[in-house]
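**Student:** Dumping the structure here so I can ask a few things about it.
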Amino acid sequence: MKKKILLVVALSFLFSCNEEVKIDFLEENIEASKDAEISINYPKADGSKVVSELINNTIKNYIVSQTNLSEDSLTNLSINDAVERFNTEYKNFKNDFPDSSQKWEAFIDGEVTYRSPEVISIAINSYLDTGGAHGNTNIKFFNFNPQSGELYSKTELINNTVGLSNVIENKLKEEVKSNSDEPIEDFFFGKDFQLPESIGYSDEGLIILYNPYEIASYSQGIIEFTIPFNEVNSLLNIN
């Protein structure tokens, strides 16, 4: 009898581990223009409670951090709280500099770029302008494990860093040659080639993206290209 009970428990555990986690995404939107100009659109996970909460907390914390102009940790704030804080800081700025015509802007847009049983890839594009010569744009990819809601590290995504670096470097040279007058030697600010901070997935392949100042001057803008999966599948653990 004891052996039968143990077998039932083991089978139950096996089936629960193989059960597919169901996650869908809803679009959330926050708009404000009375004080600062603010527009925030982002995907909100809906489904398995543990998985969706982990995904949503990661996205929420990132959006809050993007609107944070101080050194304070704001992980306990909601996105609405962060919007109110950004507005308050703008009003304080206007009180201190009443003659300034500068209106602060915060535009954040997120989307699910890829979904498979192994990975959910979400891109968040942020633009913040609080004065100065120009605003700051930044795009970041988040690659989630659909079964756990946890973020993959680069080492979990890539099984051959040297091989992938060689492929990306060659593709980058082609991209620079066709779209820029600046030689590839002037990129990376005199340092050796490095993988981008942000790598994402799309239906077309692996998205390679370098933000302004990451490898070149602001004038070069965002450098982005896609490598088809059939050229990099053998170099990846997740696809």
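**Student:** On the basis of being without any contact (Cβ under 8 Å) to a residue 40 or more places away in the chain, of a type in the set (Val, Ile, Thr) and under 25 Å from Asn56 (Cβ atoms), does Thr88 make the cut?
**Tutor:** On the way: without any contact (Cβ under 8 Å) to a residue 40 or more places away in the chain: yes; of a type in the set (Val, Ile, Thr): yes; under 25 Å from Asn56 (Cβ atoms): yes.
Judged against the criteria, Thr88 is a match.
**Student:** In region 212-239, what residues are assigned to a loop (DSSP other than H, G, I, E, B), crowded, with 19+ Cβ neighbours inside 10 Å and out of contact with any helix residue (DSSP H, G or I) (no Cβ under 6 Å at 6 or more places or on another chain)?
**Tutor:** none
**Student:** Please determine, by comparing only the residues of region 149-162 that are under 30 Å from Gly47 (Cα atoms) and touching a Leu at 6+ places or on another chain (Cβ under 7 Å), which one is surrounded by the most Cβ atoms within 10 Å (Cβ to Cβ).
**Tutor:** The residue in question is Gly149.
**Student:** With open to solvent by less than 30 Å² (accessible area, probe 1.4 Å) and without any contact (Cβ under 8 Å) to a residue 24 or more places away in the chain as the only criterion, which of Val83, Val64, Val51 stands out?
**Tutor:** Details: Val83 fails: without any contact (Cβ under 8 Å) to a residue 24 or more places away in the chain; Val51 fails: without any contact (Cβ under 8 Å) to a residue 24 or more places away in the chain.
None of the other options fit; the residue is Val64.
**Student:** Hey, another quick one. Looking at (1) buried (at least 16 other Cβ atoms within 10 Å of the Cβ); (2) not in a helix (DSSP H, G or I), which is the one condition that is false for Ser165?
**Tutor:** For Ser165, the exception is condition (2).
**Student:** Could you list, in sequence order, the residues of region 119-146 that are farther than 16 Å from Tyr42 by Cβ and either surrounded by fewer than 16 Cβ atoms within 10 Å (Cβ to Cβ) or among the aromatic types (Phe, Trp, Tyr) (or both)?
**Tutor:** If the condition is that a residue be farther than 16 Å from Tyr42 by Cβ and either surrounded by fewer than 16 Cβ atoms within 10 Å (Cβ to Cβ) or among the aromatic types (Phe, Trp, Tyr) (or both), then Gly131, Gly132, Ala133, His134, Gly135, Asn136 are the ones that fit.
**Student:** Anything in region 143-162 that is of a type in the set (A, V, I, L, M, F, W, C) and either in a helix (DSSP H, G or I) or touching a helix residue (DSSP H, G or I) at 6+ places or on another chain (Cβ under 6 Å) (or both)? List them, or say none.
**Tutor:** Phe144, Leu157, Ile158, Val162
**Student:** Being more than 17 Å from the chain's Cα centre (by Cα) and not in a helix (DSSP H, G or I) is the filter; apply it to region 41-67 and report the residue that is modelled with the highest pLDDT.
**Tutor:** Within region 41-67, the match that is modelled with the highest pLDDT is Asp46.
The values are calculated or read from the model by the stated rules, or taken from the named source; none is laboratory data. Computed from a prediction, not measured in an experiment: that's the story for all the values here. Ideal geometry is used to build each Cβ from the backbone, glycine not excepted, and the neighbour counts take in all protein chains shown. We work out accessible area using only protein heavy atoms, side chains counted, and drop any ligands, DNA or RNA first. Shrake-Rupley method; radii C 1.70, N 1.55, O 1.52, S 1.80 Å.
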